[in-house]
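These notes concern the structure reproduced below.
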Amino acid sequence: MKLLIIEDEPEMLENMRQTLERQHYIVETATDYSAALHKIGVYDYDCILLDITLPDGNGLELLKTLKASGKDEGVIIVSAKDSLDDKLAGLNLGADDYLPKPFHMSELHARVKAVLRRRHFDGNPHISIGNVSIFPETREVMVENQPLVLNRKEYDILMYLITNKKRLVTKTALAEHVWGDHIDQADSFDFIYSQIKNLRKKLEHATITIEAVYGVGYKLEVIS
Amino acid sequence: MKLLNHTTKYLAILLVPLITIWAFIFYYAMLDEIYDSLDDGLDNQKVLLLQRLPANPEILEHKDLELWNHSITPISRQYYDKFETRYSDTLMYMLNEKDFEPVRVFETKMKYNDAYYKIKFITSMVEEDDLIRDLVTYLIVLYLSLMITIIVLNNLMLKKIWKPFHSLMSQLPNFRIEKNHQIKTKDTTIEEFKLLNQSITTLIDQSRARYLEQQHFIENASHELQTPLAISINKLELFLENTNLSEAEFKTLASILDDLGRLTRLNKSLLLLSKIENKQFIDEQPIDFNQLIATITEDFQDLASHKHINLKIDYRARLKFEMNKDLAIVLLTNLIKNAIVHGSQNNTVTIIVHQNSIVISNFGSPIALDTNLIFSRFKKISVDKKSTGLGLAIAKAISEKYAIELLYSFKDQHYFNLYFPKGG
């Protein structure tokens with residue numbers, strides 16, 4: 001899978017590059033409008049992460065050019081502006097998702113994965129990990145071909161942890177992803193624990209396990 | 001007290017001594033004039049008497065003062081030489097008044113056919129007590145009519161003159177810097193009011209410019225903070241995964257990460273607040289609050305059960321209101337979250353939806369919160385370090401934007417009431 005990050009802030013770019021490379025993606029970068037224009041003109045990517053505020057142009061213009069040339073790369077707009085207008089404009093121009101800064105690395109993976117999944121499964125959406133299979137289209141989960149009934153939050157937690165498998169997912173990142181942005185001022189994220197406890201119970205026969213990491217977050221491991 | 005009544009009051013007080021002093025001066029001046037003319041009259045009588053004497057020598061026999069108004073008494077030579085003409089006041093019994101009345105007496109001397117005489121003339125004089133009584137009466141009338149004239153004139157003229165001022169004063173209490181309404185000044189030829197109008201217009205224009213500048217400063221500052229925050233958070237996240245850290249080190253880094261998260265939330269809240277105030281949420285649609293509350297409470301169910309709080313929702317009517325959807329979500333989320341976060345364990349948080357209002361109540365600290373501070377920015381009621389102190393300020397800003405009344409009250413429970421404008 002080949003990704004292109006268009007981002008003018010070098011440290012931001014470096015962070016994104018590092019974390020995505022760790023997920024075994026091939027990552028290319030562009031730091032301004034003209035470099036980006038050149039790259040998308042010459043190469044094909046599976047997913048493009050696009051910052052809209054670039055020093056020499058507007059990211060939305062790049063998106064227009066991209067869609068006008070008939071390319072169907074997945075595009076995730078990354079913006080520090082978190083403005084509704086930009087979000088609507090971006091999505092109307094054919095962007096797949098809109099991710100406001102700052103975001104958690106685990107959230108970035110989840111968004112990239114979701115875009116790639118939508119583009120590549122083509123009617124056969126199916127993720128396997130250990131003896132667990134997940135069908136994102138229908139939100140069904142099977143353990144050794146036996147259906148596992150999960151409520152909405154349990155499913156979202158599982159999906160998020162699987163997307164970020166073998167990596168630390170902080171409680172904050174998990175809470176914001178599953179319970180939405182508005183939960184973020186709740187006095188503690190300990191309430192996540194009861195959902196995790198239920199999920200663990202349901203995954204008794206699965207070969208994956210959710211490990212707590214020093215009370216800071218969780219990590220999904222495959223039992224070999 | 002109105003300025004108008006103030007000037008009238010001072011005039012009324014000042015006029016009393018003024019008129020009194022004037023009355024004294026007037027009284028003595030008039031009395032002086034009266035004496036002067038009476039004395040002239042008496043002098044004249046003497047001249048007339050001397051003229052008539054050669055033709056009517058029997059005048060020398062006139063002794064009865066009351067009958068002739070003059071009396072003539074022969075006197076010795078020595079007395080004649082010593083005698084000096086004099087005027088004096090005395091009382092005399094008046095038959096018509098049946099009382100002693102003041103009279104003016106003129107005593108003089110004459111030499112006629114080698115005989116010496118003293119002549120005494122009298123004339124009835126002004127009655128001073130009557131004069132004073134009349135004077136006082138007229139002065140009171142003068143004072144009252146002066147006051148009435150002043151009040152009427154003041155009311156008519158000052159009202160007209162002060163019109164630009166009153167027009168300004170009627171607008172100023174309604175002036176809100178966050179709303180872009182202009183103060184309309186009335187044209188005037190009065191220098192002071194021109195200056196006032198000018199100063200107010202300048203003051204308002206400048207304040208408004210500063211206010212907008214500050215508004216955008218907060219917004220821009222928040223935007224600029226996003227990227228460095230994102231970089232720090234992401235670097236720490238990468239670092240946490242990369243390195244083999246001890247538990248203590250790991251927890252320290254995680255707490256830094258938590259603080260950065262708090263900073264992010266604070267920043268987002270500030271940004272949201274300034275966006276609401278900068279009117280950047282324009283898109284409006286009818287919101288079904290019953291449905292919205294159902295969705296939000298579902299999200300908060302886990303937090304509530306973690307705190308052993310029972311969420312009780314009572315839909316007594318269907319509430320629909322037209323507003324921006326994101327803001328409606330933020331408004332209710334902040335209030336419900338506030339009730340759950342500050343609600344005491346093993347108790348109930350109640351949400352009641354009426355036709356035109358929503359009431360959210362929770363048990364908590366047994367003391368009422370300060371209604372003046374509760375909706376202010378950064379006025380944290382609790383010591384909870386995760387709260388940004390902006391949640392209720394944001395709720396207030398949103399409700400004000402849509403003329404929804406957000407009120408706090410305390411009666412065993414903490415109540416937050418949202419009253420929606422009718423027909424909205």
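The values are calculated or read from the model by the stated rules, or taken from the named source; none is laboratory data. All values derive from a computational prediction rather than experimental measurement. So basically every Cβ, Gly included, is an ideal-geometry build from the backbone, and we count neighbours across all protein chains shown. Surface accessibility is based on the protein's heavy atoms, side chains included, excluding ligands, DNA and RNA. Shrake-Rupley method; radii C 1.70, N 1.55, O 1.52, S 1.80 Å.
Of note:
- With Cα atoms defining each centre, region B:5-47 and region B:265-286 are spaced 79 Å apart in the structure.
- When shorter helices are ignored and each DSSP H run of at least 4 residues is given -39500 (n - 2.57), the per-residue value for chain A at 222 nm works out to -12000 deg cm²/dmol.
- Solvent exposure, largest accessible area first (probe 1.4 Å, DNA, RNA and ligands not counted), of A:Ile192, B:Ile19, B:Ile148: B:Ile148, B:Ile19, A:Ile192
- Listed residue (B:His223, B:Ala254, B:Leu273) projecting farthest to the positive dipole end of region B:209-277, Cβ model: B:Leu273
- Using the Cβ-Cβ distance between B:Ala403 and A:Ile129 with R0 set to 45 Å, the FRET efficiency works out to roughly 0.30.
- Length gained when the stretch B:Tyr87-B:Ile148 is fully extended (0.36 nm per residue, less Cα-Cα span): 17.5 nm
- Rounded Å value of the spacing that divides the Cα centres of region A:30-47 and region B:125-147: 107 Å
- Computed extension gain for B:Thr252 through B:Asp32, at 0.36 nm per residue and net of the alpha carbon distance, reaches 68.5 nm.
- Test item: A:74-80 mean partner chain Cβ contacts at 10 Å: 2
- Temperature 20 °C, viscosity 1.002 mPa s: under these conditions the Stokes-Einstein estimate for region A:127-222, based on its Kirkwood radius over C-alpha pairs, is 158 µm² per second.
- With a Förster radius of 56 Å applied to the beta-carbon distance between B:Thr243 and A:Arg119, the computed FRET efficiency rounds to 0.95.
- Sorting B:74-86, A:89-101, B:122-134 by their mean Cβ neighbour count within 10 Å, with the most densely packed peptide first, gives A:89-101, B:122-134, B:74-86.
- Tilt relative to chain B, helix B:191-242 - C-alpha long axis, 0 to 90 degrees, to 10: 20 degrees
- Heavy atoms of A:Trp179 accessible to a 1.4 Å probe, total area in Å² rounded to 10: 10 Å²
- Note on B:277-290: average number of Cβ atoms from other chains within 10 Å of each residue's Cβ is 1.
- Take each residue in B:299-306, count the other chain C-beta atoms within 10 Å of its C-beta, and the mean is 6.
- Between B and A, accessible area buried - total, square angstrom, nearest 100, 1.4 angstrom probe: 3900 Å²
- Residue list for region B:10-51, given a label point 7 angstrom along the Cα-to-Cβ vector of B:Leu95 and an amide N cut-off under 12 Å: none
- Local net charge near B:Ile293, Cβ-Cβ under 15 Å (Lys/Arg +1, Asp/Glu -1): +2
- Alpha-carbon Rg with Dmax, taken over region B:35-76, Å: 11.3, 31
- Pair B:Lys111, B:Arg52: separation of 7 Å Cα→Cβ label points (nm): 2.5 nm
- Area projected by the alpha carbon convex hull of region A:2-120, averaged over all directions, nm²: 6.4 nm²
- Per-selection metrics, the protein assembly as shown (Cα): Rg and Dmax in Å: 50.3, 171
- R0 of 30 Å, Cβ-Cβ distance B:Ile367-B:Leu196: FRET efficiency to nearest 0.05: 0.05
- At full extension, B:Asp205 and B:Thr348 could sit 46.5 nm farther apart than now, given 0.36 nm per residue minus the alpha carbon distance.
- Each peptide in B:2-15, A:2-15 receives the mean, over its residues, of other Cβ atoms within 10 Å, and ordering these scores from highest gives A:2-15, B:2-15.
- In terms of overall dimensions, region B:209-277 has a Cα radius of gyration and Dmax of 15.9, 54 angstrom.
- When chain B is treated as a Gaussian network with alpha carbon springs shorter than 10 Å, the biggest mean-square fluctuation among B:Leu18, B:Leu373, B:Leu332 belongs to B:Leu18.
- Extending 7 Å from the Cα toward the beta-carbon at both B:Asp259 and B:Phe24 defines two label points whose distance is 8.3 nm.
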